[in-house]
1. With (1) of a type in the set (D, E, K, R); (2) modelled with pLDDT under 85; (3) more than 60 Å from the chain's Cα centre (by Cα) as the list, and residue 433 as the residue in question, which single condition is left unmet?
2. For residues that are free of Cβ contacts under 8 Å to residues at least 12 places away in the same chain and assigned to a helix (DSSP H, G or I), scanning just the stretch 335-366, find the one that is farthest from residue 152 (Cα to Cα).
3. Within the stretch 42-72, track down each residue that is part of a helix (DSSP H, G or I), more than 23 Å from the chain's Cα centre (by Cα), farther than 21 Å from residue 146 by Cβ and not aliphatic (A, V, I, L, M).
4. So the check is Cβ under 8 Å with 6+ separation or different chains; which pairs have a first residue in the stretch 108-121 that's closer than 13 Å to residue 34 by Cβ and a second one that's among the small types (Gly, Ala, Ser)?
5. Of 483, 475, which residue is at pLDDT below 50, surrounded by 10 or more Cβ atoms within 10 Å (Cβ to Cβ) and farther than 30 Å from residue 298 by Cβ?
6. Which residue, of 58, 40, is modelled with pLDDT of 90 or more and within 30 Å of residue 96 (Cβ to Cβ)?
7. So which residues in the stretch 400-415 are closer than 18 Å to residue 334 by Cβ and surrounded by 16 or more Cβ atoms within 10 Å (Cβ to Cβ)?
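The values are calculated or read from the model by the stated rules, or taken from the named source; none is laboratory data. Predicted model, so just to flag it, every value in this text is computed and none were measured. Note that each Cβ is placed from the backbone with ideal geometry, even for glycine, and that neighbours are counted across all protein chains shown.
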Amino acid sequence: MSPYKVNPELTLSLTFQTEKEKLTWRDRFPAYLTNLVSIIFMIGVTFAIVFGVIMYRISTAAALAMSSNPTARANVRVTVTATAVIINLVVILILDEVYGSVARWLTQIEVPKTDKTFEERLIFKAFLLKFVNAYTPIFYVAFFKGRIVGRPGDYYYIFQSFRMEECAPGGCLMELCIQLSIIMLGKQLIQNNLFEIGIPKMKKLIRYLKSRRQSAHDHEEHLKKKQRYEVDYNLEPFAGLTPEYMEMIIQFGFVTLFVASFPLAPLFALLNNIIEIRLDAKKFITELRRPVATRAKDIGIWYNILCGVGKVAVIINAFVISFTSDFIPRLVYLYMYSPDGTMHGFVNHTLSYFNASDFKPGTEPNDPGALGYNVDVCRYKDYREPPWATSKYDLTKEYWSVLAARLAFVIVFQNLVMFMSDFVDWIIPDIPKDISEQIHREKVLMVEVFLKEEQGKLQMLETWKEHEKKKEEISNNQSPGLSHSHRGSSSSVYSQRVDV
């Protein structure tokens, strides 16, 4: 009888727990729903903050325009742009940390089956939230600012009080360049460099002070020279390579998505990476514990994210060139409307006429004689019919010609760049030819070695069988009794050898 007794209640409870760990889709549905609602809510928070910054820009511009200080009135656009970009940068830095923690919590409540699945889901959520957080203000300036403003006499207002802001007379491309440069350089300098070195040092100092306070009671042990592993215990634990990859992916987005508006972005990214290589080396050696080495086949989901960002960058740059800049309107004017084949008269071609008497009540200027004379007709940047036309202030055929040319450019540019990238990918293989030949040669040699081993085993087996047959023939020539006993012993030896 076994000295150990089995408790049936304990066995039943363990079986119940094992069955409960197998989660079904009904068990995971609340977590998935929570993930969906939380991500939509976080994206809505980002949009709300961007809308708040837009309201700040509009109200600040209106307040400075009515200021009694002539310097403030002369620098309204520069002041509003600079302060709004700094606010956007601070908000992006704060929300990045918040979204990283939220993404980890949302992944934990999903209870993924494997560590690889957990890491991939965490990376996807964190990248989605940080992508929206980092690029939403830039998308607004590039594609929305100055396009939903209306026209003189029929402007669009927010809360019936604030008129939508417009771009500078030269367009929004310069403002996009300023905003992109400040956000990119500020994010790299503050978050990627200062935070990476400063936060581990602060945590290391706090951990050191705590350990010193605890060891103050035992003075002899405190004075004793510590081992290397005891010193390394005061360092910050290694949190994985996900933050490092995320920095590079966000930087890659800044470099590629809007490179048409900020061509110096790759140069600044290169300089930042040269500095960050040394900072990361110092951080990994002196500020973090030694990471546990693990094998990886490739970079995982990051490769798919890089490919997706690269394809989206082609489309976004096509829209920036065609819609944000004046490249397409200039070409249309040069080849369709220029009387002498030059750009002379382009500005006049892009301006429309407006009769000052067509202002709606309450929207006309407060002091019409501020210029010293009455203004009957003014000009504004748009393609609209003049007030003396039968369908006044309607969009002209020039507007539709420019729009068609812009859309055609987007389609041609996108397909041409995609074709060139696929062609280069086909011409230049991922693995060089000499390395692929060497790998093939190694595989052939391995197959030959295995075949030789198998042939050697077959030859040994055939030789051993022939030797056993000779032994059986010799035993058959002997006496029946001895032969019978010898055959039994030889068969037992044979069976043992076969088993071995």
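1. So residue 433 meets the others, but not (3).
2. 335
3. Those that are part of a helix (DSSP H, G or I), more than 23 Å from the chain's Cα centre (by Cα), farther than 21 Å from residue 146 by Cβ and not aliphatic (A, V, I, L, M): 70, 71.
4. These pairs meet every condition: 109/31; 110/31; 111/31.
5. 483
6. Of the residues listed, the single one that is modelled with pLDDT of 90 or more and within 30 Å of residue 96 (Cβ to Cβ) is 40.
7. Selection gives 401, 402, 403, 405, 406, 409.
Yes or no, residue by residue, for (1) in a helix (DSSP H, G or I); (2) surrounded by 18 or more Cβ atoms within 10 Å (Cβ to Cβ):
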position	(1), (2)
101	yes, no
104	yes, no
112	no, no
117	yes, no
127	yes, yes
132	yes, yes
139	yes, no
143	yes, no
